[in-house]
Structure formats: structure tokens, C-alpha cells
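Quick notes on the structure that follows.
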């Protein structure tokens with residue numbers, strides 16, 4: 001399939017695909033007239049990349065997942081290198097949550113200082 005079809009099927013722009021190619025994440029084959037040509041495996045790679053990016057991974061984080069798929073594994077997350085990235089990302093998220101909870105407590109303390117009668121919302125309330 002050509003770049004436009006891959007972009008449509010993957011739900012990304014052709015510019016994103018060119019960027020992924022520039023970064024070595026996907027590799028286009030070239031036809032005699034110079035058009036980029038992609039296969040179903042490339043669609044799977046782009047889908048994996050987009051899925052990871054959508055939950056906060058970086059393109060660099062996605063490299064082991066892409067390598068895992070290229071090695072023939074059914075899932076990009078099934079290789080030890082990918083599992084390590086998952087574990088590192090969970091640690092980062094846990095650290096961010098702790099930081100946010102600390103910040104929330106500090107803001108709540110400031111509010112109760114300036115507004116003793118104000119009602120604090122519980123986490124999760126709107």
C-alpha cells in the first residue's frame with residue numbers, strides 16, 4: 001500500500017509516517033517511480049507506535065516494541081526489553097502520582113489557611 005493508504009488505515013498523517021521513517025521506526029520500500037510502499041506489517045508497527053504514544057510513551061520508548069514485532073512476535077510487548085519499558089513507565093507514573101498528591105495536599109493546606117470554612121472536595125469529586 002502507498003503512504004496515503006497506510007496513513008488512512010492507521011489514522012495518522014503522512015507527515016507522521018515520514019517522521020517515523022526518518023526515525024527508523026518504519027522502513028518504506030520504494031517502487032520504480034520512487035513511491036513509498038508499505039505492507040501489513042508496517043500497519044501493525046504504526047498501530048503499536050500510536051497506541052504507545054497515546055498513553056504517554058515517547059517514540060524512543062516504542063523502539064523495543066517495534067523491534068519485538070519485527071522479530072516476529074505477535075505482540076510488541078512480549079519481549080524482555082519491552083517489559084522493562086513498561087515497568088519503567090509504571091514507576092514514572094507512580095512517581096508523578098505521588099508528586100501530584102503532595103502538591104494537592106499543599107494547595108489544600110493553603111486553602112484551609114486562607115479560608116477556614118471552605119469545603120475541600122475529595123479526590124474524584126467534581
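Points worth noting:
- Of all residues making up segment 1-28, the number that are surrounded by 14 or more Cβ atoms within 10 Å (Cβ to Cβ) and either assigned to a helix (DSSP H, G or I) or free of Cβ contacts under 8 Å to residues at least 12 places away in the same chain (or both): 12
- Residue in segment 113-124 that is in a helix (DSSP H, G or I), at negative phi and without any contact (Cβ under 8 Å) to a residue 12 or more places away in the chain present: yes
- Checking each residue in segment 46-79 for being farther than 14 Å from residue 23 by Cα and part of a helix (DSSP H, G or I) picks out 47, 48, 50, 51, 52, 53, 54, 65, 68, 69, 70.
- Of all residues in segment 45-61, those being surrounded by 16 or more Cβ atoms within 10 Å (Cβ to Cβ) and under 21 Å from residue 8 (Cβ atoms) number 6.
- Residue in segment 29-41 that is at pLDDT below 95 and buried (at least 18 other Cβ atoms within 10 Å of the Cβ) present: yes
- Contact map, segment 89-108: first residue at negative phi and modelled with pLDDT of 95 or more, second residue surrounded by 10 or more Cβ atoms within 10 Å (Cβ to Cβ) and in a helix (DSSP H, G or I), Cβ cut-off under 8 Å, separation 6 or more or different chains; pairs are 89/61.
The values are calculated or read from the model by the stated rules, or taken from the named source; none is laboratory data. What you are looking at is a predicted structure, and each value in this text was computed from that prediction instead of being measured. When we count neighbours, we look across all protein chains shown, and the Cβ atoms used for this are built from the backbone with ideal geometry, even at glycine.
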